[in-house]
Amino acid sequence: MTDQSSSVPAPAPVARAPHSVEFIGMIGTQDASETRPPSGPQIDRAYTARFARAHEDAGFDRILIGYSSGRPDGAQVAAYVAAHTERLGLLVAHRPGFIAPTLAARSFATLDQFTGGRVAVHTITGGNDVEQRRDGDYLDKEERYDRTDEYLSVLRRAWSSGEPFSHEGHHYRFEDYGSEVLPVHASGIPLYFGGSSEAAYRVGGKHADTFALWGEPLAETAEQIASVRAAAVAAGRTELPGISVSFRPILAPTEELAWERAHHILDTIKSGAGKPFFAQARRHQGPDGPQNTGSRRLLAAAAKGDLHDRALWTPTASATGAGGNTTALVGTPETVAQALLDYVDIGVTTLLIRGYDPLDDAVDYGRHLLPLVRQELAHRKAAAAAAASAEPALAPAGSAR
């Protein structure tokens, strides 16, 4: 009989290193935001290239290229951006279910090869039935997450398999699939995953390299991180996914000027100046408000109060219907940097930030905000290394002192 007490336990899952952080921005193909009407054509090539280069010059690691049923195709936008930048990573939002996972695997692997390994994929299962049906998807939410689970399993295998393989599942079936193109890195293409529902935790916790959340107060964010990690453990993972949180920083040289700017932005949103921009987000909502859990959570946080923790400000979410990452961090660069570090301290590894004045804010973040966060993280890393090196070495067992 096997002595179970002598068996070696499985290693405990580990989280990412706390001394580094990834910064992600977000671009569009047209100059527009919640505070201003669209300017120029829907696909403005010069603006798109300038917007992307602004992020690269500012020191961002990646840019998110969003997805909806009416937006320009993200993979083609990413290819255009790659041709006009040198090192900037490309996080392409992708909604499973509209093309086969084998085709998606080849498409992203091809893009990854042409860009020298700069591609990552942000999986959005879809939290709104009306929006899904615009592209012909009539599955309900639970079925969509079941499909995403199977889809991502196929995608991972397709990126790593050097030999043909077959698959027969609930949503996909194919025989003898093999691709002549694989991603640049043997580990495949990084998978990000967005969502705030129990189904999202379950599927994203199983598959995601980085799980993306919207900017809620610290306590609620910590609860979500715990849920994601619990799902990862339940899925048998030995390395926990990274955590991304999204904010809309509003900066100024003084606290007074920052709050003056914040209220001006809010008044401009309420005036309807940017209505064509966020009307699309609201048209996806039903008569009872947003269907997706993430938006409902932001509105619930806003209902509890305008200001949370060090600098989190929620009226911008209420004013826009929380149709995306719409909560702000308000203050001087020093205040907002400390607010971002508060999230790093509870386990966040990626910070997605974008402004209400999109291009100009990206430039300001690079000048005034990113360096402060990275400087403090470098200081912490150096302090930890110094403390570790100062610890007395343990003498080998049985040796004389």
> Does segment 36-46 contain at least one residue that is part of a helix (DSSP H, G or I) and under 17 Å from residue 80 (Cα atoms)?
Replying inline: yes
> Which ones in segment 23-60 are under 19 Å from the mean Cα position of the chain (by Cα) and surrounded by fewer than 18 Cβ atoms within 10 Å (Cβ to Cβ)?
Replying inline: 59
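Residues are listed down the side, and each one gets a yes or a no for (1) open to solvent by less than 10 Å² (accessible area, probe 1.4 Å); (2) at pLDDT 95 or above:
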site	(1), (2)
256	no, yes
262	yes, yes
267	no, yes
278	no, no
292	no, no
307	no, yes
322	yes, no
327	yes, yes
331	yes, yes
> Given the conditions (1) touching a Pro at 6+ places or on another chain (Cβ under 9 Å); (2) surrounded by 23 or more Cβ atoms within 10 Å (Cβ to Cβ), and given that residue 239 satisfies all but one, which numbered condition is not satisfied?
Replying inline: (2)
> Which number in (1) touching a Gly at 6+ places or on another chain (Cβ under 8 Å); (2) open to solvent by 50 Å² or more (accessible area, probe 1.4 Å); (3) part of a helix (DSSP H, G or I) marks the one condition that residue 163 misses?
Replying inline: (3)
>> Checking the structure you have, find out if any residue of segment 104-117 is open to solvent by 10 Å² or more (accessible area, probe 1.4 Å), among the small types (Gly, Ala, Ser) and not in a loop (DSSP other than H, G, I, E, B).
In response: yes
> Does segment 129-143 contain any residue that is more than 27 Å from residue 324 (Cα to Cα) and of a type outside the set (D, E, K, R)?
Replying inline: no
> Taking segment 79-120 on its own, how many of its residues are over 17 Å from residue 28 (Cβ atoms), among the hydrophobic types (A, V, I, L, M, F, W, C) and in contact with a Lys or Arg (Cβ under 8 Å, 6 or more places away or on another chain)?
Replying inline: 1
>> I'm told residue 189 meets every condition in (1) closer than 21 Å to residue 76 by Cα; (2) more than 23 Å from the chain's Cα centre (by Cα) except one. Can you identify the failing condition by its number?
In response: (2)
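The rows are residues; the columns are (1) modelled with pLDDT under 95; (2) over 29 Å from residue 158 (Cβ atoms).
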{"residue": "2", "(1), (2)": "yes, yes"}
{"residue": "8", "(1), (2)": "yes, yes"}
{"residue": "19", "(1), (2)": "yes, yes"}
{"residue": "34", "(1), (2)": "yes, yes"}
{"residue": "67", "(1), (2)": "yes, no"}
{"residue": "85", "(1), (2)": "no, no"}
>> Please go through segment 122-151 and give me each residue that is in contact with a strand residue (DSSP E or B) (Cβ under 9 Å, 6 or more places away or on another chain), open to solvent by less than 20 Å² (accessible area, probe 1.4 Å) and either aromatic (Phe, Trp, Tyr) or in a helix (DSSP H, G or I) (or both), ordered by number.
In response: 148, 151
>> Out of everything in segment 60-96 that is part of a strand (DSSP E or B) and in contact with a helix residue (DSSP H, G or I) (Cβ under 8 Å, 6 or more places away or on another chain), what residue ends up being nearest to residue 139 (Cα to Cα)?
In response: 94
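Would you tally the residues in segment 138-169 being closer than 18 Å to residue 103 by Cα and not hydrophobic (A, V, I, L, M, F, W, C)?
Residues in segment 138-169 being closer than 18 Å to residue 103 by Cα and not hydrophobic (A, V, I, L, M, F, W, C): 17 in total.
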> Do the conditions hold for residue 219, that is, is it open to solvent by 60 Å² or more (accessible area, probe 1.4 Å), among the hydrophobic types (A, V, I, L, M, F, W, C) and free of Cβ contacts under 8 Å to residues at least 60 places away in the same chain?
Replying inline: yes
>> Need a quick list: helices (runs of 4 or more DSSP H) entirely within segment 278-388 having at least 3 residues that are without any contact (Cβ under 8 Å) to a residue 40 or more places away in the chain.
In response: 293-304, 333-345
>> Out of the residues in segment 171-211 meeting the condition of being out of contact with any Asp or Glu (no Cβ under 8 Å at 6 or more places or on another chain), open to solvent by 20 Å² or more (accessible area, probe 1.4 Å) and among the aliphatic types (A, V, I, L, M), tell me which one is nearest to residue 232 (Cα to Cα).
In response: 186
> Taking the stated definitions as given, is residue 344 modelled with pLDDT of 95 or more, in contact with a helix residue (DSSP H, G or I) (Cβ under 8 Å, 6 or more places away or on another chain) and farther than 26 Å from residue 51 by Cα?
Replying inline: yes
> Which one of these does residue 95 not meet: (1) more than 13 Å from residue 75 (Cα to Cα); (2) at pLDDT below 95?
Replying inline: (1)
> How many residues does segment 359-379 hold that are surrounded by fewer than 15 Cβ atoms within 10 Å (Cβ to Cβ) and among the charged types (D, E, K, R)?
Replying inline: 2
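The values are calculated or read from the model by the stated rules, or taken from the named source; none is laboratory data. Quantities reported herein were computed from a predicted structural model and do not represent experimental measurements. Note: ideal-geometry Cβ built from the backbone for every residue, glycine included; neighbour counts use all protein chains shown. Ligands, DNA and RNA are excluded from the accessible area calculation, which covers all protein heavy atoms including side chains. Shrake-Rupley method; radii C 1.70, N 1.55, O 1.52, S 1.80 Å.
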